[in-house]
Amino acid sequence: MEHYYQPEIECASREQIIALQNERLVKQVRHVYDNVEYYRKKMEEKGVTPDDIKSIDDLHKLPFLTKDDLRDAYPYGLVAVPLSDCVRIQSTSGTTGRRVVAFYTQHDIDLWDECCARAIMAVGGTKDDVVHVCYGYGLFTGGPGLNGGSHKVGSLTLPMSSGNTDRQIQFMTDLGSTILCCTPSYAAYLGESINERGLKDQIKLKAGIFGAEAWTEEMRRDIEKSLGIKAYDIYGLTEISGPGVSFECSEQTGMHINEDHFIAEIIDPNTGEVLPEGEKGELVFTSITKEAFPLLRYRTRDICVLTRKKCSCGRTHVKMSKPMGRSDDMLIVKGVNVFPSQIETVLLNKGYAANYQIMVDRVNNSDTLEVQVEMTPEMFSDSVTEVAAKEKELVNALKAMLGIYAKVKLVAPKTITRSEGKAVRIIDNRHLY
Amino acid sequence: MTVKQISVFLENKPGCLAELIEILSKNNIDMRAMSIAEMQDFGILRIIVKDTYNAVRIIKDAGFVTSVNEVLAVAIPDQPGALLQTLTALGEANINLEYSYAFTTAKKDMAYTVLRVTDNEKASKILGQKGIRMLGQEEMEQL
């Protein structure tokens with residue numbers, strides 16, 4: 001039997017959804033125009049006023065927002081309410097300029113929690129379930145999002161946060177966790193660990209909600225087999241709220257976007273033109289209900305396809321495919337956003353040449369990141385201790401910048417391929433897309 | 001009294017050392033002593049040669065990262081316990097030994113040890129006081 005958190009909205013007719021979106025968009029554009037000087041200027045530059053936006057058909061007239069805008073407006077430039085009305089900040093890793101800092105009113109937290117509640121019920125969650133959340137808690141949206149959703153459903157919530165696998169498994173067996181929320185790579189690791197310990201018959205898991213990084217259908221089958229569960233995808237980004245912007249249902253053929261809160265468009269990443277349904281392009285979101293951090297036409301850089309084909313779960317909201325790639329050079333490693341430019345900044349600061357290569361792989365279902373750097377005469381010494389100390393210093397600086405460990409491999413000069421034109425900086429052997 | 005040592009960065013890959021040695025051999029560079037320190041992904045080759053200046057030029061031209069530094073070369077009789085006196089003297093003077101390697105030559109009954117310490121001047125003085133013989137660059141080249 002299919003469960004819904006808000007069936008009247010999740011299964012509303014197309015007409016009802018459009019009517020809701022029209023009304024909310026018009027109101028939201030006015031709210032942003034009146035309260036966000038940064039975006040008002042962008043609208044003025046484009047010669048658009050709130051009066052020009054009468055329905056979602058006018059959405060394309062609005063200017064885009066990108067990560068560069070977030071940097072330019074950091075930290076408060078895109079906040080649309082007085083700070084005294086905000087109750088929460090969430091953030092991504094990364095340095096200023098790459099780090100996203102988002103603000104929430106209580107209303108924004110509630111709608112985000114509701115989106116996550118829909119995701120939990122879509123995988124069969126009810127108030128009788130024990131929801132085991134081992135996404136990180138804190139600034140990262142993963143933990144707080146699913147935690148809030150689980151509360152809304154009324155499930156018994158285990159706010160485990162990440163790490164300490166022994167403890168995760170012990171809580172899972174002792175307290176009978178039924179729904180697991182974490183990154184797919186951690187789910188795969190938990191599956192292996194549970195099987196190694198011979199504890200598979202002692203866990204009661206039935207479903208998992210796995211997001212924050214790209215994963216393949218093969219990985220889904222592996223996780224489903226090793227944990228004896230159904231594995232579902234969830235999508236979201238801090239800019240728009242967090243996990244739960246879209247989520248998978250029983251059909252497991254794409255993620256329903258919560259269209260009463262977020263309008264999705266697919267554009268040509270090169271021209272910005274809106275593409276017809278079913279075409280592959282960059283996903284763009286407009287938040288139509290958020291108060292504090294209401295981004296209009298935010299370019300996610302995720303490449304995917306939207307479909308309105310009737311879904312067997314009964315939900316009517318548009319479905320997005322798993323992201324099929326990026327229209328920028330961002331990598332997602334261990335669920336953390338990594339830009340080559342961050343690595344370059346560290347190398348240059350530490351006196352290395354900007355000639356480097358980033359190798360990403362997935363070993364035993366866990367991502368690995370290696371930065372290959374060419375040895376320079378300045379760096380070199382006859383002493384192993386000195387070279388090792390410099391290497392360690394670089395590893396620490398990368399960790400501070402990226403938030404995750406990156407192995408540093410020093411290679412001989414001129415061995416990293418110089419390509420003509422755009423340098424090939426990234427070798428991603430995970431083949432996720 | 002010190003001698004010049006050349007260090008070369010080598011990747012930990014088959015054929016890397018051979019490539020460098022081949023270059024030296026083609027250019028008639030004669031090695032007096034050699035040692036390799038290995039890390040997980042790379043190694044540091046340390047050599048003492050007859051013609052340091054030319055060797056460095058050739059190594060650099062071949063695209064290797066290289067550096068030159070001064071090390072101590074101590075002559076010790078080729079008999080048990082001979083090295084101990086040197087090491088004890090350094091230890092007593094609180095001089096840390098970073099690394100060391102030994103070599104012999106055609107000269108019978110003599111062995112040589114290269115010492116890399118933090119303070120060459122202090123170490124030279126201490127060893128001199130103990131009557132331990134050190135080699136200079138010229139003598140090293142003539143071995």
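Please treat every number below as a calculation from the coordinates, not as lab data. Small disclaimer: the values here were computed from a predicted structure and weren't measured. All Cβ positions, even for glycine, are placed from backbone atoms using ideal geometry, and neighbour counts span all protein chains on display.
Measuring between their Cα centroids, the range A:348-398 and the range B:8-50 lie 22 Å from each other.
By the Cβ distance rule (another cysteine Cβ under 4.7 Å), the unpaired cysteines of the protein assembly as shown are A:C11, A:C86, A:C115, A:C116, A:C181, A:C304, A:C311, B:C16.
From Cα pairs below 8 angstrom and at least 6 apart in sequence, can you work out the relative contact order of the range A:319-433, rounded to a whole percent? It would help to have the intermediate numbers written out before the result.
Details: 150 pairs, mean separation 35.2, N = 115.
After rounding, I find 31 percent.
Summarised as an ellipsoid, the range A:285-390 has semi-axes of 43, 18, 11 Å, derived from the eigenvalues of the Cα gyration tensor scaled by 5 and square-rooted, with the largest first.
The Cβ shell under 15 Å around A:V133 holds other residues with a net charge of 0, Lys and Arg each +1, Asp and Glu each -1.
Which trypsin sites (Lys or Arg not before Pro) in the range A:162-201 pass both tests, a DSSP loop state and at most 15 other beta-carbon atoms within 10 Å?
Values: sites: A:R167, A:R197, A:K200; in loops: A:R197.
Answer in residue order: A:R197.
How high is the relative contact order of chain B, in percent, counting Cα pairs under 8 Å that sit 6 or more residues apart? Don't jump to the answer; show the numbers that get you there.
Values: 247 pairs, mean separation 42.1, N = 143.
Relative contact order of chain B: 29 percent.
Based on the Cβ-Cβ distance of A:T376 and B:N12, what FRET efficiency does E = 1/(1 + (r/R0)^6) give at R0 = 25 Å, to the nearest 0.05? Computed FRET efficiency for A:T376 and B:N12 comes out at 0.85.
Taking 0.36 nm per residue of separation and subtracting the Cα-Cα distance, what length does fully extending A:E196 through A:I89 add? Walk me through the intermediate numbers first.
Details: separation 107, 0.36 × 107 = 38.52 nm, distance 3.94 nm.
Gain in length upon complete extension: 34.6 nm.
The range A:332-428: Rg/Rh from Cα coordinates, Kirkwood Rh?
Numbers: Rg = 13.3 Å, Rh = 13.9 Å.
Looking at the range A:332-428, the ratio lands at 0.96.
Over all pairs of different C-alpha atoms, the range A:228-291 has a mean inverse distance whose reciprocal, the Kirkwood radius, equals 13.0 Å. Cross-linked pairs B:K107/B:K130; A:K41/A:K61; A:K290/A:K310; A:K280/A:K322: Cα-Cα separations exceed 18 Å for B:K107/B:K130; A:K290/A:K310.
Taking trypsin sites (Lys or Arg not before Pro) across the range A:260-351, the ones in a DSSP loop with at most 16 further Cβ atoms lying within 10 angstrom of their Cβ are A:K280, A:R308, A:K309, A:K310, A:K350.
Highest GNM mean-square fluctuation among A:S226, A:S381, A:S177, for chain A modelled with Cα contacts below 10 Å: A:S381. If R0 is taken as 45 Å, the Cβ-Cβ distance between B:L83 and A:Q170 corresponds to a FRET efficiency of 0.20.
How far, in nm, would the chain grow between A:R40 and A:V384 when pulled straight, counting 0.36 nm per residue and subtracting the alpha carbon separation? Show your work: numbers first, answer last.
Numbers: separation 344, 0.36 × 344 = 123.84 nm, distance 5.76 nm.
Stretched fully, the A:R40-A:V384 segment lengthens by 118.1 nm.
In percent, rounded to a whole number, the relative contact order of chain A is 14, using alpha-carbon pairs under 8 Å and six or more apart.
Largest GNM mean-square fluctuation among B:R46, B:R57, B:R133, using chain B with Cα springs under 10 Å: B:R57.
Among A:Y186, A:Y104, A:Y38, the largest mean-square fluctuation in a Gaussian network model of chain A, built with springs joining Cα atoms closer than 10 Å, belongs to A:Y38. Counted over all Cα-Cα pairs of the range A:154-281, pairs farther apart than 26 Å make up 31 percent. The trypsin sites (Lys or Arg not before Pro) of the range A:364-423 that meet both conditions, a loop assignment by DSSP and at most 13 other Cβ atoms within 10 Å of the site Cβ, are A:K414, A:R418, A:K422. Considering helices alone, the calculated mean residue ellipticity of chain A at 222 nm is -9500 deg cm²/dmol, with DSSP H runs of length four and up weighted by -39500 (n - 2.57) and normalised per residue.
Pop out the Kirkwood hydrodynamic radius of the protein assembly as shown from its pairwise C-alpha distances, inverse of mean 1/r, in Å to one decimal. Kirkwood hydrodynamic radius for the protein assembly as shown: 27.9 Å.
Rg of the Cα atoms in the range A:94-194, relative to 2.2 N^0.38 Å, amounts to 1.12.
Peptide A:385-393 has a mean shielding of 2, counted as Cβ atoms of other protein chains within 10 Å of each residue's Cβ. Counting, for every residue in B:59-66, the Cβ atoms of other protein chains within 10 Å of its Cβ and taking the mean gives 3.
Dimensions of the range B:72-142 based on its C-alpha atoms, expressed as ranges along the principal axes with the largest first, amount to 34, 27, 22 Å. Taking 37 °C and 0.692 mPa s as the conditions, I'd like the Stokes-Einstein D for the range B:3-69 in µm²/s, using the Kirkwood hydrodynamic radius from alpha carbon pairs. Rounded to a whole number, D works out at 277 µm²/s. In this rough spin-label picture, where each label sits 7 Å from Cα along the Cβ direction, the A:T415-A:R71 distance is 3.2 nm.
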